[in-house]
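> Mind looking over this structure? Questions follow.
What follows draws every value from the coordinates through simple rules; no lab data is involved. Every value quoted in this text rests on a predicted model; they were computed, and no experiment measured them. Note that we place each Cβ from the backbone using ideal geometry, even for glycine, and neighbour counts take in every protein chain shown.
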Amino acid sequence: VVMATNNPSVFLLMVNGQIEGANFPGYDNLYCKYCFVYGHDWAPTTGLEEGITQITSKSTQSSHKLIWNFPLEATFKSANPSGWPQLVVSVYGPDVFGNDVVRGYGATHVPFTPGRHTRTIPMFVPEPTWRLQKFTGWLMGRRPEYTDPKVVAHGEGREATRVRSQGFVTVSFHITTKDMKKMGYDVGSPSSANAPSATSNWSTEEQS
Amino acid sequence: MAELHIIGQIVGASGFPQNSLFCKWGIHTGGAWRLLSGLKEGQTQVDIPQTGDMAYWSHPIDLHYTTKGLQGWPKLHLQVWHQDSLGHSQLFGYGFCHVPSSPGQHHISCVTWRPLGSWQEQLTQMFVGGGPQLRNPDLIYSGADRYRLHTAAMGTVELELGVIMKHFDKHGVET
């Protein structure tokens, strides 16, 4: 159990939320992998940094709703907002041959104001550069993929790449922070009127 | 010394004649500012949207500045380019906006414009493409010699700019 201190050296970011679902006009029977990407000042303390959802299909009533309702729970600590965590998501589904292919990559920063937030993340796939690649890819059931989806969280080296945006993933977040104010950081006003205020007697439990 | 974190994304752009677009961007600050970490310029992917008018880049921005003064507050400047299927690029618009000076998460729609040439150049442009570009890109975010230009409105770039501030209040700055 870590008691509140008057001169904290780190602040905490607690993320609760869910990957609600997706909107992909062209595709069905999709699952989503997620992971958090953060800078070297940051470390996860509790919760899960990555996971995979179930496979979901479009409902018979509403033809484009894909629902995962997948929980996100993670806490991070840092001494510095640089490298603020991002949620990276990648969505996969079957092609006509039944192979798993990527249907989109996307990323969004975890919000930093306490309160409730919704993010609609645009999803894109890398485009093959040659028409021949496109055709043989279709024939063989192969699409260009990133070897490590985490590259989606970085801005360097994107100049030469062509991508196709083709869907959205909706995520909702409930954000709580501890000791950001004590360390001198002003993040603006909380997003919802009912945002909880951290009291100086609040203690945080750290497991492992 | 006060510190400023800019954490967000260049989300995408819409309202341009074609939607196969990329963006070159940069952040300009005055002499009192020092960049501690992060990349202050870059170039997004080319997005060719499957449906709809909006091109999405989701280009992350994470910058950490210290500053000794308020002058030269950071400004983001943008160039939106169109790339065709053959890989040829054409300038579609310039725009700039200040990084917000209040902490919190801000959604900003940045308007853009392109320089117009003479009527002969505009006629040629209809057939051959291309078009005038600024010789000095400083003009994107400076007002000094703007009166020399004749420009036309172009589309809008959507930005999510989150601002975290530290010690500005200690120096009496009200945000």
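> In segment A:77-102, what residues are among the charged types (D, E, K, R) and either out of contact with any Ser or Thr (no Cβ under 9 Å at 6 or more places or on another chain) or buried (at least 24 other Cβ atoms within 10 Å of the Cβ) (or both)?
A:ASP95, A:ASP100
> Which residue is surrounded by the most Cβ atoms within 10 Å (Cβ to Cβ), if the candidates are limited to segment B:31-90 and must be under 25 Å from B:ARG114 (Cα atoms), among the β-branched types (Val, Ile, Thr) and in contact with a Phe, Trp or Tyr (Cβ under 6 Å, 6 or more places away or on another chain)?
Result: B:THR44.
> Looking at segment B:48-57, which of its residues are touching a Pro at 6+ places or on another chain (Cβ under 9 Å) and within 15 Å of B:THR156 (Cα to Cα)?
B:MET54, B:ALA55, B:TYR56, B:TRP57
> Related question: How many residues does segment B:152-171 hold that are acidic (Asp, Glu) and either touching an Asp or Glu at 6+ places or on another chain (Cβ under 8 Å) or under 30 Å from B:GLU121 (Cβ atoms) (or both)?
Residues in segment B:152-171 being acidic (Asp, Glu) and either touching an Asp or Glu at 6+ places or on another chain (Cβ under 8 Å) or under 30 Å from B:GLU121 (Cβ atoms) (or both): 1 in total.
> Specify which of the listed residues (A:PRO85, A:PRO114) is touching a residue at least 40 places away in the same chain (Cβ under 8 Å) and within 13 Å of the chain's Cα centre (by Cα).
Working: A:PRO114 fails: within 13 Å of the chain's Cα centre (by Cα).
Among A:PRO85, A:PRO114, only A:PRO85 is touching a residue at least 40 places away in the same chain (Cβ under 8 Å) and within 13 Å of the chain's Cα centre (by Cα).
> In segment B:41-52, is there at least one residue being away from every other protein chain (no Cβ under 14 Å), in a strand (DSSP E or B) and more than 22 Å from B:MET1 (Cβ to Cβ)?
So far as segment B:41-52 goes, no, none of its residues is away from every other protein chain (no Cβ under 14 Å), in a strand (DSSP E or B) and more than 22 Å from B:MET1 (Cβ to Cβ).
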